[in-house]
1. Can you tell me the orientation of helix A:126-157 relative to chain A, as the angle in degrees between its alpha-carbon axis and the longest Cα principal axis, to the nearest 10?
2. Summarise the partner chain shielding of A:46-55 as one whole number: the mean count of Cβ atoms from other chains within 10 Å of each residue's Cβ.
3. Determine the dipole magnitude for the protein assembly as shown: charges of +1 sit on the beta-carbon of Lys and Arg, -1 on that of Asp and Glu, nothing else is charged, the reference point is the Cα centre, and the result goes in debye to the nearest 20.
4. Per-residue mean of other chain beta-carbon atoms within 10 angstrom of the beta-carbon, peptide A:93-101?
5. Kindly provide the helix-only [θ] at 222 nm of the protein assembly as shown, computed as the sum of -39,500 (n - 2.57) over DSSP H runs of four or more divided by all residues, to the nearest 500 deg cm²/dmol?
6. What length, rounded to one decimal in nm, is gained on full extension from A:Arg30 through to A:Met451, with 0.36 nm per residue of separation minus their alpha-carbon distance?
7. Using a 10 Å cut-off around each Cβ of peptide A:211-222, what is the average number of partner chain Cβ atoms that fall inside?
8. Using only Cα atoms, locate the centre of segment A:445-512 and the centre of segment A:402-430, then give the distance between them in Å, rounded to an integer.
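Each value in this text was obtained by applying a stated rule to the coordinates, not by laboratory testing. Source: prediction; values computed, not measured. All Cβ positions, glycine included, derive from the backbone under ideal geometry; neighbour counts span all protein chains shown.
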Amino acid sequence: MSTDTINWTALIVFILFFLLVTVLGFVAARWRAGDMSQLHEWGLGGRRFGTIITWFLVGGDFYTAYTVIAVPALVYAVGAYGFFALPYTIVVYPLVFLVMPRLWAVCHRHQYVTGADFVHGRYGSAWLALAVALTGLLATMPYIALQLVGMQVVIGGLGIGGEGFRGDIPLIIAFVVLAVYTYSSGLRAPAMIAFVKDVMIYIVVIAAVAVIPMQLGGYGAVFDAADKAFQAKGGATGILLQPGQFVPFATLALGSAFAAFMYPHTMTGVLSSSSGDVVRKNAMLLPAYTILLGLIAMLGYMAIAAGISVKSNTAVVPALFLKIFPDWFVGFSFAAIAIGALVPAAIMSIGAANLFTRNIWRVFVNPNITPAAEAATAKLASLVVKFGALIFIVALPTQYAIDLQLLGGVWILQTFPAIVLGLYQTRLRPSALLFGWAVGMVAGTVMAYQMGLKPVYPLAFGGTVYPVYIGVLAGALNLVVSAVASPLFGMLGVGEGSDATQPGDFLLSQAK
Amino acid sequence: MEDNAPKRSTPWIWGLLLPYIALLWLPFYNAREPSLAGFPFFYWYQFAWVPLTSFLIYLVYRVTK
C-alpha cells in the first residue's frame, strides 16, 4: 500500500467516528448498570430495553452492513430479482407480531436466554436443544464473517486496504476493539452504538437518494439507464422479473422471512426487550427500516446510471459514493457502513455465546456451573466466536463465507418447526422433531451442493419445472417428517419427553 | 387463559395475510405501468406495501390490546 492512494480527508472523518463509537462501547457498561456476572445482564442487557432502544437494536441487527453492500450489488448485477429483499422484509413482520410475543412471554417467565433454552424446557430434550443450538452457531459464524467483508470493502474504498496481511491490519484493529468492548459491556454496547449507527445510515441514505438522482437526471432516467444496460447484458436480468423468476423470487422472500427471527442475533434482540408489548410495537415500527432497505437497493441502479464499473460487485456502493460525494461525506458514509458492521457482529457473537454457554457447556460439560461462571464462559465464548470469524475472513476466500451464509439460511430454517410449533398447542414429540430436523439439514445441504451453492432447486411439478428456494423445500420436508413421525413414535412409545411450560406462559397478560 | 382467548381470535388477524398474497403473487405487480414519479409499478407497489403492512399490524394491535 502506498500513501498516495489514501483518501486522507475521508480517512480522518472515518477514524473520528470510529473513535466516537469505541468510547461509547466502553461507556455502555455503565448504562443502566446491572450485575455483569449474570448471563441475562451481559447477554440480554438485563431484559430492560424499551420500544425505542429495541427498535434501534433490532434494526441495526437485522439490516446489517453486509446488506448495505450486498443488496445493491445484486441489484446492480441482475436487477429486479435483487429486490426480493423488499417483500422479504415486509412479510416478516406479521409473523414477528404474532409469534415473537409468545416466545418473549415464555422466555421471560422461565428465564430462558436462548431459543434452545425454550426448546429444552418445552420438550424436555437436551438433544433437540443441542440441535437447535448447533444450528444457530453454524448459521451465525459465516454471518459474522460477512460483516467483516462489509468492513473490508469500505476500508478498501478508503485506499488503506490492499493485498496480503498488511492490508488486513485495519480490519484486525477494528475487530479487536469490537471484541474488547463486547466482552466488557455485553449487549449494552451494540444497543448504544446502534443508535449512532442508524442515525448515520439514515443520513447517508437520505442524502444518497436525494442527491444522486438529481445528478443523474431523476429516477426515470436512472431506471431507463438500468433498463438499457440489462437489455445489452441479456440473460436473467432486467428491471422487471422474467416469468421464470416468479417462483424463486417469492419463495426466497417467504423462506427468508421465516428464517429471519430464528437466528440467534435477531432472537437475542427480541428477548432483550422489556415487555411483549415492546415486541408487538416493534413489529409495527420496524418496517421503517424496510423503506430504507428499498432505497439502499436503488443504489444498485444509480451505480449503473452513473456508469460505475467494478471488478467485484461488492465494491459498487463504495465506488458510487466515491464518485458522487465530497471526500468528507465519503468518510462519514464509510464510517456508517463500518460501524453498521460492528453492531450486528457484536449481537451475533453474543447470541452465539449465549447458545454455547447455556445449551452446550452448561448441559453437557458443567451442569453445576454458578451464574457468575456462566457469564464468564459466555464472555470468553464471544471472543472465540469473533476471532474464529476473523481468521475465516483473513485466511480463506470471501466466497466461502458467502456460500456458507447461504447454507446458514437453509439450516436455520430447520429450527423453525421445533421453536414456532412449540409456541402453540401442537406439541410434537421431540424425537420426531429431531428426526425432521436431521432430514431437513441433510436434504437442504445436499440440494444446495447439487446446485453449486445456488439458493434455488428445480422442482418438477405437473410437467413444469419450478425453481424453488431450497430453504423452503427442506423446511417443508422437515415439517412433514416431524408431523408423520410424531404419532408413529408415539405408538412405539419412544421420545415423549417432558414439558416444563403451561399454556398460560405464552400469553402476555400473564407474563408480569 | 380463557379470558384471553376471545381477544386472541379476532377476525382482523386474517387481514395479516394480505401482504403475503399481495407480495408473493408476482403477476399482480410485475409491470412497468402505471409508473409513479419515475418509479415503475413493480417498485412503488412494493414500497407502498411497507406502510400498508404497518397499518394492518396496527389495526390488529388495537383490536387485541
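1. On a 0 to 90 degree scale, this one is about 10.
2. Mean number of neighbouring Cβ atoms from other chains: 0.
3. 680
4. Rounded to a whole number, the mean comes out at 4.
5. Computed ellipticity for the protein assembly as shown at 222 nm equals -23000 deg cm²/dmol.
6. Full extension from A:Arg30 to A:Met451 adds 146.6 nm.
7. The mean count of partner-chain Cβ atoms within 10 Å per residue comes to 2.
8. 7
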